[in-house]
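Right, one structure below, let's go through it.
None of the figures in this text is laboratory data; all of them are computed from the coordinates on show. Just so you know, these numbers come straight off a predicted model, no measurement behind them. Because the Cβ atoms are built from the backbone with ideal geometry, glycine has one as well, and the counts that use them run over all protein chains shown.
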Amino acid sequence: MFGWKHWKRGQDGEAVEHDIESRARQRAARRDAAVRAAVGQGLLGPDAAVVGLLDVTGIRAAAAALRAAFDEVTAPGTPVLHAFAVKATPLVPVLRLLHEAGIGAEVASPGELALARAAGVPAARTVLDSPAKTPAELREALALGVAVNADNPQELDRLDALMRSAPSRSPVGIRVNPQVGGGTIGATSTATPTSKFGVALRDEGAREWVVEACLKRPWLTRLHAHTGSQGIPLPLMVRGVAQTYALAEEVNARAGRRQIDTLDIGGGLPVNFASEETAPTYAGFARLLAEEVPGLFDGRYGLVTEFGRSLLAEQGTVVARVEYTKSAGGRRIAVTHAGVQVATRTVYAPQAWPLRIAAYDAEGRPKTGPEVVQDVAGPACFAGDLLAEGRAAPLLEQGDYAAALDTGAYYFAHHYAYNSLARPGVYGFAPDGSGGMAFATVREPQTIAEVVAESGGAHASALTTLLATGTH
């Protein structure tokens with residue numbers, strides 16, 4: 001027994017496992033149908049050689065799974081905000097879809113806050129986290145009523161001054177770093193001894209400083225920690241949450257009242273990029289939290305989560321036309337239009353961020369036949385621009401399509417303008433009710449004129465004019 005509802009194993013557990021497998025098969029089937037429909041409807045082809053596709057049904061299902069997982073273990077009436085990490089997929093239609101599915105927004109810049117507002121996400125369902133907030137950013141958030149997590153003592157000093165000048169209804173917290181260690185990807189490990197995020201709790205005097213900071217400020221009512229990210233094992237994530245919970249208990253005991261009323265436990269649930277299986281699941285993570293930190297769910301604390309990758313990764317696919325095929329050194333190479341500009345992390349750190357590649361024929365149908373070891377290359381002018389290297393798959397041929405799977409998070413956010421390659425269009429898809437697929441534009445493909453404009457096209461003579469001015 002844990003949390004507020006007993007999780008039945010045995011036959012019920014087998015049923016849940018079967019349901020997960022069934023959803024994975026349905027997701028793959030929707031993706032295959034979407035690729036074929038995209039080719040058939042002209043979204044993919046010689047003049048649209050790379051696109052992003054988002055599974056609207058899958059996004060809604062992921063949001064429902066997240067909410068259900070925490071509802072299962074949380075005391076009735078507990079305020080819970082699931083705030084989507086906007087950095088993962090900063091697209092306004094996605095944020096609107098998630099908002100209508102009961103998910104708020106976690107933002108980390110003025111741009112992300114503007115996206116959330118454009119999507120209609122209320123300030124009361126928005127959280128601002130960033131290690132480098134300017135006074136103007138803090139002032140705007142406090143004026144709107146957006147929740148703010150202070151990253152460090154200097155930022156708290158700024159908040160002191162702002163709160164004195166204009167009291168705010170914004171919930172305010174302190175981000176702490178429990179320093180429980182890193183995972184397999186150093187660049188995304190946020191709870192290491194020297195992480196740039198939050199107040200490092202194990203440093204000398206830091207824990208007492210946090211307690212005293214809270215006791216001196218009645219408006220400081222939250223603690224925030226983000227331990228997880230890709231490559232972080234669940235027990236380590238849970239340990240970080242447990243230490244944050246213990247700190248809240250200490251603050252409240254010292255205050256003699258419920259000073260800390262909300263715990264923001266961050267996000268970071270890892271994604272399985274190796275197969276269609278969703279693992280770990282929100283349900284499994286919530287149950288583990290309830291077993292290890294039962295007080296978190298007994299109704300004394302409101303909860304905030306900040307999941308991003310785990311909500312959107314499996315729901316997105318980058319599909320690129322195979323422009324040419326060749327051989328080099330006995331290795332087959334399929335040259336496509338998707339590379340470093342859409343898969344920057346994968347190209348520069350392939351061991352940490354590998355992607356599955358699915359092969360489709362010229363009509364968008366899944367390819368079959370003997371698997372051949374081949375490279376799937378991108379269009380950028382450097383040798384390492386590879387989506388996949390030495391990968392066994394049905395032979396890709398000119399005019400076929402290569403799909404990079406599980407790319408719904410970060411791969412639509414991290415466009416890299418190497419070679420002035422344009423950002424691809426992104427389209428959402430859903431069954432049309434008559435056996436086909438309907439599409440909606442999420443982001444228009446970037447035009448060449450827009451590439452020129454972003455590269456200073458309107459200021460072409462600026463430097464030569466400056467030089468001419470300086471010679472007189």
Quick one: if the Förster radius is 35 Å, what FRET efficiency do Ala279 and Ala255 give, using the C-beta to C-beta distance and rounding to 0.05?
0.30
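What shape does region 397-454 take by its C-alpha gyration tensor, where a ≥ b ≥ c are the square roots of the eigenvalues and a/c under 1.5 counts as rounded, a/b above b/c as prolate, and the rest as oblate?
Values: a/c = 1.97, a/b = 1.64, b/c = 1.20.
Taking the square roots of the gyration eigenvalues as a ≥ b ≥ c, region 397-454 is prolate.
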Tilt, helix 56-73 to longest principal axis of the chain (alpha-carbon atoms), in degrees rounded to tens, equals 30 degrees
Ranked output for segments 86-97, 419-430, 382-393 by mean other Cβ atoms within 10 Å, highest leading, reads 86-97, 419-430, 382-393
Between the alpha-carbon centers of region 67-144 and region 266-311, tell me the distance in whole angstrom.
17 Å
Can you give me the angle between helix 135-144 and the longest principal axis of the chain, using Cα atoms only, in degrees from 0 to 90, rounded to the nearest 10?
80 degrees
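Can you sort His99, His414 so the residue with the fewest Cβ neighbours within 10 Å comes first? Each step should come with its number before you reach the end.
On the way: His99 19, His414 14.
Fewest-to-most Cβ neighbours within 10 Å comes out as His414, His99.
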Across every pair of different alpha-carbon atoms, what Kirkwood hydrodynamic radius in Å does the chain reach?
24.0 Å
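Which shape class applies to region 36-139: rounded if a/c is under 1.5, otherwise prolate when a/b exceeds b/c and oblate if not, where a ≥ b ≥ c are the square roots of the Cα gyration tensor eigenvalues?
Values: a/c = 3.06, a/b = 1.37, b/c = 2.24.
Oblate.
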What percentages make up the Cα-Cα pair-distance distribution of region 56-311 when the bins are 10 Å wide from 0?
7, 32, 39, 19, 2, 0
List every residue whose amide H lies under 5 Å from the amide H of Thr221, counting only residues 5 or more places away in sequence or on a different chain, with H placed 1.01 Å from N in the peptide plane.
Val172
How much length, in nm to one decimal, is gained on full extension between Arg365 and Arg169, taken as 0.36 nm per residue of separation minus their Cα-Cα distance?
65.2 nm
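Multiply the residue separation of Ala28 and Ala161 by 0.36 nm, subtract the distance between their alpha-carbon atoms, and state the gained length in nm to one decimal.
Numbers: separation 133, 0.36 × 133 = 47.88 nm, distance 5.29 nm.
Gain on extension, Ala28 to Ala161, equals 42.6 nm.
Any of Lys87/Lys133; Lys87/Lys216; Lys87/Lys367 with alpha carbons more than 27 Å apart? Name them for me. If you can, show how the numbers build up before the last one.
Numbers: Lys87/Lys133 16 Å; Lys87/Lys216 33 Å; Lys87/Lys367 34 Å.
Going by Cα-Cα distance, Lys87/Lys216; Lys87/Lys367 fall outside the 27 Å limit.
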Testing the spin-label approximation: label points 7 Å from Cα along Cα→Cβ at Ala143 and Arg202. State their distance in nm.
4.2 nm
Helix 11-40 vs. the chain, principal-axis angle (Cα, 0 to 90°, nearest 10)
40 degrees
Region 416-467-region 333-356 distance, computed between alpha-carbon centres (Å)
20 Å
